[in-house]
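The values are calculated or read from the model by the stated rules, or taken from the named source; none is laboratory data. Please read these numbers as outputs of a predicted model, since none were measured by experiment. As a convention, Cβ positions derive from the backbone with ideal geometry for all residues, glycine included, and neighbour counts pool all protein chains shown.
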Amino acid sequence: MAFQLNSVVPWGRNMEEYKSMFLLNEEDMKKKIVGFGDGPASFNFEAHCLGYDITSYDPIYQFRKEELEKRIEDVRGIVMQQMSENMDNYIWTKIKEILCSAESDKL
């Protein structure tokens, strides 16, 4: 069975979130890092811009940028709604609130 983009919810994290999630310090960042299933996370891009050696692998990378952007937009409202509905299941120390889709569209 071929990998289908319409069955994927692409969501990503930035470099600071990765560093916090995986307890990466400056010495770790100087090493070669390989990420699997990174999706649309900006970790690789941000780290690469700072001179770090990061390689990311994910089956969604077979799709064109436009396809990924469309899929992210297609699922964005659903993800935000589900996060709002399940706020009590998470520890919110970094992100203090979830903006509803309409509010975040204004940003």
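Observations
- Filter result (closer than 24 Å to V75 by Cα and surrounded by fewer than 13 Cβ atoms within 10 Å (Cβ to Cβ)) within the stretch 17-44: M21, F36, G37
- Checked against (1) of a type in the set (S, T, Y); (2) within 24 Å of K94 (Cα to Cα); (3) out of contact with any helix residue (DSSP H, G or I) (no Cβ under 9 Å at 6 or more places or on another chain), S42 meets all criteria but (3).
- Of all residues assigned to the stretch 86-102, none qualifies as being among the aromatic types (F, W, Y) and at pLDDT 90 or above.
- Under the condition of being without any contact (Cβ under 8 Å) to a residue 60 or more places away in the chain and under 12 Å from F43 (Cα atoms), the residues counted in the stretch 5-20 number 7.
- Single residue of the stretch 1-16 satisfying the filter (surrounded by 10 or more Cβ atoms within 10 Å (Cβ to Cβ) and over 14 Å from the mean Cα position of the chain (by Cα)) that is farthest from V79 (Cα to Cα): F3
- Any hit, the stretch 30-42, residues being on the phi > 0 side of the Ramachandran plot and at pLDDT below 90: yes
- First in the stretch 63-85 and touching a residue at least 40 places away in the same chain (Cβ under 8 Å) and hydrophobic (A, V, I, L, M, F, W, C), second anywhere and surrounded by 13 or more Cβ atoms within 10 Å (Cβ to Cβ) and in a helix (DSSP H, G or I), Cβ under 8 Å, 6 or more apart: F63/L5; F63/R71; L68/L5; L68/I60
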